[in-house]
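Step one of this worksheet: look at the structure below.
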Amino acid sequence: MAEPLQSALDPGLLLWPPSASTSAEWVDTLFFVLLGGSVLVTLVVAVLIALFCWRYRAGAQVRRGPGLTTRGAHRLEFGVAAAITVGFLAVFVWSATLYLQLYRPPPGDALIINVVGKQWMWKLQHPDGSREINTLHVPAHRKVRLRITSADVIHSFYVPAFRLKRDAVPGLYTNMWFETTKPGRYHLYCAEYCGTQHSHMRGQVVVMAPADYQAWLEKTGFDKSPAAVGQALFQAHGCSGCHRGDSVARAPSLAGIYGRPVPLAGGGTIIADEAYLRDSILLPTKHVVAGYAPVMPSFAGQISEAEILQIIAYIKSLDPGDWERGP
Ligand code: CUA
């Protein structure tokens, strides 16, 4: 099928890791500007030290009294302090903007891949339901968003070639995204000590030409889509008994709820996002919907993180018109 991918997995001795995404270019630019600034300051200080050592050496015939007037010295000091402040603030604004850009969901249309860290493997699921472990296939030149969580302890999803690292935290969805620039194979690590097999929790990211990615999906995508699996789970766990639109007396209907504000008992509203839906499954008394009694049992311990993501995918797939009242 595809031509053999250039592998960045064993490149021998490298002074600089391979760079394979737009995020890597942004981070490298920031890094080199900081490095350049540090080298510049170090050089200025070193040259001044050498110069003063020589000029004011013992026995040299130079004036050693006050040089600048007090007024001139103050002006110089204020000037230097102001320049340093502005310089550091500029670096802060630049790096903070970059951080938010990298770890917020990307603008526009992105391929969303679910990532679940687990002692000691990375479980990955593509939008069409294809699943893989420790190897992530992604198309090149397309925005890919990772929705990351953990089934047990804190892990950290780390791809040096993308200059990206994001914690996988139990009970939380974290995001990161990238747009790759070069097909190839790149290292994937867990970068958070997570138990005795932590050092074995690694794999690779395989960046493929878009056509090759499609071919790969068709070859491996025998699984049902997450929403289809989620629908089966929704029924198997009895959710449909209360949450379908035709049984609206007991519990709110979930059709079209995703992304909408939900009124809460005790006042206020909350947007029904992924975190809210997850909380409602595991901690149903945390946010009780206005007008309903807190009668839903918690499903903590009965449903895995991967299953919760599938149920959320199903809820997201519902339209407000689904489940009209009726037989
Ligand atoms: Cu998972 Cu270290």
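Quick notes on this structure:
- Options P127, P106; residue that is touching a Lys or Arg at 6+ places or on another chain (Cβ under 7 Å), within 30 Å of Q214 (Cβ to Cβ) and not hydrophobic (A, V, I, L, M, F, W, C): P106
- Any chance A24 is small (G, A, S) and at pLDDT 90 or above: yes
- Qualifying residue in segment 249-265 (condition: β-branched (V, I, T) and at pLDDT 85 or above): yes
- Residue within segment 144-152 that is among the hydroxyl-bearing types (S, T, Y), within 12 Å of the ligand (Cβ to nearest atom) and more than 24 Å from D28 (Cα to Cα) present: yes
- Scanning segment 87-102 for residues being closer than 18 Å to V159 by Cβ and either surrounded by 14 or more Cβ atoms within 10 Å (Cβ to Cβ) or not hydroxyl-bearing (S, T, Y) (or both) gives a total of 3.
The values are calculated or read from the model by the stated rules, or taken from the named source; none is laboratory data. In this text the structure is predicted, and so the values were computed from the model without any measurement. Reconstructed Cβ throughout: ideal geometry from the backbone, glycine too, with neighbour counts over all protein chains shown.
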